[in-house]
Amino acid sequence: MNHAFVAALAEACETAESLAGRIGLHPKTVARWANPGRIPQTRHRAEVAQILRKDVLELWPDVLNRREPVWFRPWVDIEREAVALRAFQLAWVPGLLQTEAYARATFKGQALAPDEVDELVAARLDRQAILSRERGPLFVAVIDEGIIRRPAAGDRALMAEQLAHLLACADLPSVQLHVVPHDTATYPGLDGPFTLAELPDGTRVAHVDSQARAQIIDQTSEIGTLERRWERIRGEALPRGRSLELLTEAARSWT
């Protein structure tokens, strides 16, 4: 338990319910901050610390120990709070489902020092804990078949390991995995990857990545557009059973 946060609530004569009301969040979201490793989203930390008359680092010292890049932290906070995540990937296995070796391969060719790669890989693997925790989010991932046919770093053994890992992840109760087959005609997913997150209070936000930058989107109209695109992409994907059969066949092809 995060005793510092619990004690600060008591000292300020606040409860999870009263604090939630003051900052406009669901009480269950605030209550989770008493658990180890559960940190408010960036936009809420300073406000909560001010209400509780504490420094942010007094309440959540792990903020200093985080490994992911600063620009990516707001999305990691959203992942931790989400009750559902829907992700489409065109070129890479979703980060939440990557093996360590595959994660390292995604950074190949970038101008990064070895210690930087180590930190980025560790941060990516740390994020995956949400899939195995109690009451973690439902994670629905749709991937293009090209991902499982293209050798990462030209390494067949690496791909065999990664696809075996995908199949193991697909057995988790919190994970649903689907594949868009390679013979699918032009479809909306070709415009690029994105992830939709649903928070406990029903709020929906999205993460959209590109060659130039990544951004978090929360405008209702843009979320609506992405949700319509998601439904069309999901409609092109194979059902779960056939997707797993395709993954099994692809895994064998790499051995």
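Could you work out how far helix 114-127 tilts from the main Cα principal axis of the chain, as a 0 to 90 degree angle to the nearest 10? Roughly 80 degrees between the two axes. Within the listed set Ile217, Ile23, Ile147, the residue fluctuating most in the Gaussian network model of the chain (springs between alpha-carbon atoms under 10 angstrom) is Ile23.
Close amide H partners of Leu138, meaning residues 5 or more places away or on another chain with modelled amide H under 5 Å apart, are Ala84, Leu85. Springs between alpha-carbon atoms under 10 Å, Gaussian network over the chain: tell me which of Ala82, Ala122, Ala212 tops the mean-square fluctuations. Per the Cα network of the chain with a 10 Å cutoff, Ala212 tops the list. Over all distinct Cα pairs, what is the inverse of the mean 1/r for segment 71-151, reported as the Kirkwood hydrodynamic radius in Å? For segment 71-151, the Kirkwood estimate is 13.8 Å.
Where the alpha-carbon atoms of segment 153-255 are placed on the principal axes, they occupy 45, 31, 25 Å, in descending order. Computed about the Cα centre, the dipole magnitude for segment 61-139 is approximately 280 debye when only Lys and Arg (+1) and Asp and Glu (-1) carry charge, each at its Cβ.
The HN-Hα couplings worked out from phi for segment 99-106 by the Karplus form 6.51 cos²θ - 1.76 cosθ + 1.60 (θ = phi - 60°) are 7, 4, 5, 5, 4, 4, 5, 5 Hz, whole numbers, x standing for Gly and Pro. Think of each Lys and Arg Cβ as +1 and each Asp and Glu Cβ as -1; about the Cα centre, that makes the dipole of the chain roughly 200 debye. Read through the labelled values [x] 1, 6, 12, 14, 14, 12, 11, 8, 7, 5, 4, 3, 1, 0; [y] 1, 6, 15, 19, 21, 18, 11, 5, 2, 0, 0; [z] 1, 5, 12, 16, 17, 16, 12, 9, 6, 3, 2, 0, 0 and report the label of the one computed as P(r) over Cα pairs in 5 Å bins from 0, in percent from the structure. The listed entry that was calculated here is [z]. Counting only Cβ charges, +1 for Lys and Arg and -1 for Asp and Glu, the dipole size of segment 123-199 around its Cα centre is about 180 debye. Of all DSSP bridge pairs formed entirely within the chain, close to 55 percent run antiparallel.
Of Glu134, Glu231, Glu68, the residue with the greatest mean-square motion in the GNM of the chain, using alpha carbon springs below 10 Å, is Glu134. Its relative contact order, with pairs defined as Cα atoms under 8 Å and 6+ residues apart, puts segment 113-213 at 24 percent.
Which listed residue (Thr99, Ile148, Val121) has the Cα farthest towards the positive end of the charge dipole for the chain, taking +1 on Lys and Arg C-beta and -1 on Asp and Glu C-beta about the Cα centre? The listed residue farthest towards the positive side: Ile148.
Computed from the Cα positions only, the extents of segment 1-94 along the three principal axes stand at 50, 26, 22 Å, in decreasing order. In the complete set of protein chains, residue-level accessible area for Val70 is approximately 110 Å², probe 1.4 angstrom. For Leu190 and His3, the FRET efficiency from 1/(1 + (r/R0)^6), where r spans their Cβ atoms and R0 equals 41 Å, is about 0.25.
The values are calculated or read from the model by the stated rules, or taken from the named source; none is laboratory data. Worth saying up front: this structure is predicted, and the values here are computed from it rather than measured. Note: ideal-geometry Cβ built from the backbone for every residue, glycine included; neighbour counts use all protein chains shown. For the accessible areas, the whole protein counts, side chains as well, though only heavy atoms, and no ligand, DNA or RNA atoms are used. Shrake-Rupley method; radii C 1.70, N 1.55, O 1.52, S 1.80 Å.
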